[in-house]
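Working notes, beginning with the structure itself.
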Amino acid sequence: MGMVLFMLISAPVFSQDIHFSQFQSSPLNLNPARTGLFDGDIRFVGNYRNQWKSVSEPYRTFSFSGDMKLNSISGPLNGFGTGLVVFHDKAGDSELSTLNIALSFSWTRMLDGADGRHAITLGTQIGFYNRSINFSKLTFDEQFNGDIFDPNYANTESFDGDNHSYPDLSLGAVYTFKISDNTYLGAGAGLQHLNRPDDSFFGESVKVPVRLQADIKLDAKLSEKIDIIPTLLYQDQSSFNELVAGASLRFHLNNKPGKLYNFYAGGFVRTKDAIILSAGLDYNYLNVGFSYDINTSDLDRASDGKGGPEISLIYIIKKVKPLNTKPPCPVY
């Protein structure tokens, strides 16, 4: 009975969302308004996180997304985007598993003309969640024979089910401002789980809390070869909240067309939880990122300060634009 009571008490915790330390490198998980919001035509993103391996069974999270701009139906002041994101998360001894498949749509409006500096993007995401748990991996008081745990002892605990699914709805908005040719500002806000789906393995209803997310990012030139990218993220869900703040430096190693190389190095703080060290590399339209969490919360007594590694991959396809005028001679 003790394990079941623990799980009932922890039910709201189970409904908390996944999170990535490299949140800017997982745009469709961060905010549906970031769909199609990039320099290019098609974008593919992959993320992997492995957390708390030193404490228990590691918490593993995979995510993959693809999004694109729909320029064929956009006017000079409007832009549309669409995308698909899939993530899978498996957590702890009970193998609590979450699978989400979601479609994203966005609409961008230039606020001061086709060549303006200000734009607002609105987005929505419609998802389908499946949650499962492996009760056979858990142990119960009744299986203790007085001296040791005996898995052959009968267990009279009952459960309504080990698998359930539900739809999910999210909305978001992003404001972008091109301050100068080398300085950009972006700020976004989103609301996830607006339909408050039921997420319980037991008879009583446990509604998924609405998650509020807000982030801001500045990309500014420090010198001819170095840019600074300060970033801040705040998330709030029920009685839980998260604040991540820090900055990365981008070092331009080579800016020649077809041979673009940039290197990133940064540090962030997730308050009351972890210090995040990060590094990354641009090679033309491919970005590879790596980060590592160093745990600073009370859990560090068990984790020995070890949090988790995280890897991100972003690949952008940028189509060659057709010429507006005919060339003076044939192109061979």
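Would you work out if the stretch 191-306 is rounded, prolate or oblate? Take a ≥ b ≥ c from the square roots of the eigenvalues of the alpha-carbon gyration tensor; rounded if a/c is under 1.5, else prolate when a/b is larger than b/c, oblate otherwise. In terms of gyration-tensor shape, prolate. Applying 0.36 nm per residue to the separation of Lys225 and Tyr292 and subtracting their alpha-carbon distance, the gain on full extension is 21.5 nm. Taking packing as the residue-averaged number of other Cβ atoms within 10 angstrom, the listed peptides 173-179, 208-214 run from highest to lowest as 208-214, 173-179. In terms of surrounding Cβ atoms within a 10 Å radius of their Cβ, Asp67, Asp181 rank from fewest to most as Asp181, Asp67. The residues Thr61, Thr271, when put in order of fewest to most other Cβ atoms within 10 Å, stand as Thr271, Thr61.
Residue order for Ile276, Ile120, fewest other beta carbons within 10 angstrom first, comes to Ile120, Ile276.
All of the numbers you see were taken from the coordinates with simple rules; none came from a lab. Bear in mind the structure is a predicted one, so any value in this text is a computation, not a measurement. Please note: Cβ atoms are built from the backbone with ideal geometry, for glycine as well, and neighbour counts cover all protein chains shown.
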